[in-house]
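What follows is a set of notes on a single structure, which appears directly below.
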Amino acid sequence: MRDMPYERASDLSPSTLIREWRGTCSGKHLLLQALLSELGLRVRLMIATYLYSWQGPGPVPRALAQLLAPGPVPDVHNFLEVQALGVWLPLDATFPKPAAAIGFPVNDEFVPGVAQRVACSEPYTAWPVPPDVALDAYKAGVLAKFCGADLPRREAFIAALTAWSDAAMPRERP
């Protein structure tokens with residue numbers, strides 16, 4: 001699942017992600033939450049707010065530079081926490097393995113009891129998504145509140161980031 005291309009699917013349902021073989025942090029983690037829950041693991045979907053700033057390697061790609069010129073882009077990210085030995089630890093399958101070569105945080109493997117790097121800039125603030133809400137509506141509310149007037153710049157940035165990363169990484173389908 002981690003190695004699905006980072007790209008928005010037409011909706012967040014697990015079957016859509018599998019059929020279209022693409023997803024962003026939201027869809028990938030909803031699918032992973034369902035699979036890990038089915039295996040009997042305790043998982044919770046997390047939401048984080050942070051300010052995206054380029055973390056390399058190298059200079060900011062031209063496709064993103066203009067959108068980052070006014071400063072970091074406010075963003076909202078989803079990942080999971082898995083309970084192991086009574087402790088909640090982050091699990092993040094956002095970016096496919098080839099994304100590491102272009103500077104994105106990629107976790108090589110899931111090891112129960114070992115925290116993974118969360119794919120958002122530090123510092124971030126995270127909390128569990130209430131289990132009785134639809135993620136898309138909940139995230140839209142958090143985006144509107146956290147991004148405010150920067151929401152159009154955030155949307156443009158996500159589109160540019162997706163296009164740039166798609167061009168910079170080879171697509172592989174298992």
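Looking only at segment 18-35, count how many residues are closer than 20 Å to ALA167 by Cα and touching a strand residue (DSSP E or B) at 6+ places or on another chain (Cβ under 7 Å).
Residues meeting the conditions: 2.
Here's the yes/no breakdown for (1) among the charged types (D, E, K, R); (2) out of contact with any Ser or Thr (no Cβ under 6 Å at 6 or more places or on another chain):
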{"position": "GLU20", "(1), (2)": "yes, yes"}
{"position": "SER26", "(1), (2)": "no, yes"}
{"position": "GLY40", "(1), (2)": "no, yes"}
{"position": "TYR52", "(1), (2)": "no, no"}
{"position": "GLN55", "(1), (2)": "no, yes"}
{"position": "HIS77", "(1), (2)": "no, yes"}
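Go through segment 34-54 and give me each residue that's at pLDDT below 95, of a type outside the set (A, V, I, L, M, F, W, C) and either in contact with a His (Cβ under 7 Å, 6 or more places away or on another chain) or closer than 24 Å to PHE146 by Cβ (or both).
Within segment 34-54, TYR52, SER53 qualify.
Looking at (1) within 15 Å of the chain's Cα centre (by Cα); (2) closer than 19 Å to PHE157 by Cα, which one does ALA93 not meet, given that it meets all the others?
(2)
Just checking, how many residues over segment 67-99 are among the small types (Gly, Ala, Ser) and modelled with pLDDT of 90 or more?
Of the residues in segment 67-99, 3 are among the small types (Gly, Ala, Ser) and modelled with pLDDT of 90 or more.
Being out of contact with any Gly (no Cβ under 8 Å at 6 or more places or on another chain) and closer than 20 Å to ARG22 by Cβ, is that true of even one residue in segment 51-61?
No, there is no match, as no residue in segment 51-61 is out of contact with any Gly (no Cβ under 8 Å at 6 or more places or on another chain) and closer than 20 Å to ARG22 by Cβ.
Which numbered condition trips up ALA99, out of (1) in a helix (DSSP H, G or I); (2) surrounded by fewer than 16 Cβ atoms within 10 Å (Cβ to Cβ)?
Only one criterion is unmet by ALA99, namely (2).
When segment 1-50 is examined, which residues are found to be in a strand (DSSP E or B), touching a residue at least 40 places away in the same chain (Cβ under 8 Å) and closer than 18 Å to LYS97 by Cα?
Start the filter on segment 1-50 by keeping residues that are in a strand (DSSP E or B), which leaves 6, 23, 43-50.
Now narrow it down to the ones that are touching a residue at least 40 places away in the same chain (Cβ under 8 Å): 6, 43-50.
Within segment 1-50, TYR6 is the sole residue that qualifies.
Specify which of the listed residues (PRO112, PRO130, PRO174, PRO152) is in a loop (DSSP other than H, G, I, E, B), exposed (fewer than 14 other Cβ atoms within 10 Å of the Cβ) and at pLDDT 95 or above. First the steps, then the outcome.
Working: PRO112 fails: at pLDDT 95 or above; PRO174 fails: at pLDDT 95 or above; PRO152 fails: in a loop (DSSP other than H, G, I, E, B).
Selected residue: PRO130, the only one of PRO112, PRO130, PRO174, PRO152 that is in a loop (DSSP other than H, G, I, E, B), exposed (fewer than 14 other Cβ atoms within 10 Å of the Cβ) and at pLDDT 95 or above.
Just give me the residues in segment 51-88 being out of contact with any helix residue (DSSP H, G or I) (no Cβ under 9 Å at 6 or more places or on another chain), surrounded by 12 or more Cβ atoms within 10 Å (Cβ to Cβ) and part of a strand (DSSP E or B), in sequence order.
Correct list: LEU51, GLU81, GLN83, ALA84, TRP88.
The values are calculated or read from the model by the stated rules, or taken from the named source; none is laboratory data. If you're wondering where the values come from, they're calculated on a predicted model, not measured in any experiment. Note that each Cβ is placed from the backbone with ideal geometry, even for glycine, and that neighbours are counted across all protein chains shown.
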